[in-house]
Each structure stands twice: as C-alpha cells, then as structure tokens.
1. Going through region 63-109 one residue at a time, which ones are within 30 Å of residue 248 (Cβ to Cβ), part of a helix (DSSP H, G or I) and without any contact (Cβ under 8 Å) to a residue 40 or more places away in the chain?
2. What residue, of 122, 137, is over 23 Å from the mean Cα position of the chain (by Cα) and either in a loop (DSSP other than H, G, I, E, B) or without any contact (Cβ under 8 Å) to a residue 12 or more places away in the chain (or both)?
3. Any idea how many residues of region 206-232 are in contact with a strand residue (DSSP E or B) (Cβ under 6 Å, 6 or more places away or on another chain), part of a loop (DSSP other than H, G, I, E, B) and under 27 Å from residue 97 (Cβ atoms)?
4. Just a yes or no: is a residue in region 153-160 buried (at least 16 other Cβ atoms within 10 Å of the Cβ) and either in a strand (DSSP E or B) or over 21 Å from the mean Cα position of the chain (by Cα) (or both)?
5. Can you pull out the residues in region 12-46 that are under 20 Å from residue 74 (Cα atoms), outside any strand (DSSP E or B) and touching a helix residue (DSSP H, G or I) at 6+ places or on another chain (Cβ under 8 Å)?
6. Out of 186, 203, 193, I need the residue that is surrounded by fewer than 18 Cβ atoms within 10 Å (Cβ to Cβ) and under 22 Å from the mean Cα position of the chain (by Cα). Which one?
C-alpha cells in the first residue's frame, strides 16, 4: 500500500525525520504547498494519506478512489472534512488522541493570562511608541469554567486549580476520571470569570455556544477557545466582544483558517489571536507524528 504525508511543512519536516525508524513502512512526503482544488493531484495513486490540517472535501477525495485511509494529525477532522461522507465512500478516517493534552492546556492558560492582562495589546502599543499601562483582571480566586473535560479539559482544570482558581466544568458524559465539580451549562456560563472551550467538534457540538448561550455568559468574562472555532456562533461572539459583554477573547481556532487579514477579530483590541498553534510543541509533535507512523504500520502490516 502506498502512503503519503501530503502536507509536511518546514516546521514539521525535521520533527518527522527525528521520529522515523529503520523498520517503518515507506512514506512519501510532500513539502510543497498546494491549493485546495489541487488535492487530487497530490494524493492520487495513494492508499493512505497523512493529513496535517489540510481541507479534504469529499468531491475532491472522490476523484481518488484508491484512497482508503486518512490519518488526521489530531482529534478534530470535522473542521477539515466530512468524516461520515468519506467513510460511507470507503475511506476510513483515523484520529490521534492524547498526544498534546499538556501542550494545548498550557496554551489555553497562556491565552487566559494574556487576555486577562491585555499583553498582546500592550506589546503592539509599546512597539509603536505608545506607553499605556492597561489595567488587568487578577485571576487568583476567580472561577474558571471548562466546557469539555476530556484529556485537555482535565489538564486545564489541573493547571487552573494550581493557579488558585475555583474550577467548575460541564461535560456531555460523567466518568470517573472527572474530578471537577460539574454544573449545568447555563450555570457555568453565568458563574465563570473565564470560560474555556475544550469540546471536540462534531455534529452534536457544532454551534454549541449559540447566540442564546453567549448572551448568558457572565458580563465581563474572558472567553478562551483552543478547541475549534465552529463550537461557538461567530457573529454572536463578535457582537458580545464589541459590546463589552465579553471582556476579552483568547482565540487559537476559527471558523475559517487561515484567518483572513480583514476579519473583524483582527481589528478588535480585546481579542488575542494565535494561529492554531496550541498543540505545536516539539514534544507533542514528536508524539503525534510517531503515532501517525504507527497507525500506517498497523494498516500496512
């Protein structure tokens, strides 16, 4: 079976080389950027494609009937492909869990602090020669509400508690690993000084933070999303930020990626932006790529 790592960028290339082993199956590597519509020309003739967050629309994948497996580098392929459609056509989508829980949680906490203290805004201003000491929010003793208590959410909870915050959570299911006090979603939104979005995106969670739920967020709260942009209604979030109902948002993920330069978020001082980088640490990337290779190994064995 032929395999391609279809979108290995310059950042991942040396990490990829570092985790390869002599007994690994042959995997071709494409390091050239390509337009979305050129996807078939990249993956044609391959049985397995490793995908690092490139869009894979079903009509384009359908032009390559030999493709039987997609190994998605992460846990949220629904933002980049229609998994049900692909699997109905005979292409299995594999995901990789748990490789970067600590990395994403640390990034969540970093965005939380940056939002609370207006760090990105002051950085921009100081570089322009503007010296304004903006007041911030002290987080010790404040309530951190975590939506989604999988591996990442539980790491955020552990770190938040270690910082002296009161932690509450909401999860779709209850299981023994969750030690965080669980509350109803409306209560979490009303009580939390910081709302951290850590749900997995799927049909049941798309648009989870509806306009009605965003309106229930505590006035002056901070919103942090390192999960998926489509979990929240984008226009309602923009409106809440413009009105000041939400004090500040720390965002790593968006409805459209890359985020267009003229998007409203880029014009708002009370939004701190990152480029879908929460999982991008050397340690997490090594684990992620090694697990991807091991999936290919199992498929081709």
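Every read-out reported here was derived from the displayed coordinates using simple, explicitly stated rules and does not represent laboratory data. This structure is a prediction, so every number in the text was calculated from the model and none was measured. Cβ placement follows ideal geometry from the backbone for every residue including glycine, while neighbour counts extend to all protein chains displayed.
1. 77, the sole residue that qualifies.
2. Of 122, 137, the one residue that is over 23 Å from the mean Cα position of the chain (by Cα) and either in a loop (DSSP other than H, G, I, E, B) or without any contact (Cβ under 8 Å) to a residue 12 or more places away in the chain (or both) is 137.
3. Total satisfying the criteria: 1.
4. Within region 153-160, none of the residues are buried (at least 16 other Cβ atoms within 10 Å of the Cβ) and either in a strand (DSSP E or B) or over 21 Å from the mean Cα position of the chain (by Cα) (or both).
5. 12, 15, 16, 18, 19, 20, 27, 30, 31, 36, 39, 43
6. Sole residue among the options that is surrounded by fewer than 18 Cβ atoms within 10 Å (Cβ to Cβ) and under 22 Å from the mean Cα position of the chain (by Cα): 203.
The rows are residues; the columns are (1) over 25 Å from residue 280 (Cα atoms); (2) buried (at least 24 other Cβ atoms within 10 Å of the Cβ).
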residue: 207; (1), (2): yes, no
residue: 213; (1), (2): yes, no
residue: 219; (1), (2): yes, no
residue: 224; (1), (2): no, yes
residue: 238; (1), (2): yes, no
residue: 241; (1), (2): yes, no
residue: 245; (1), (2): yes, no
residue: 254; (1), (2): no, no
residue: 259; (1), (2): no, no
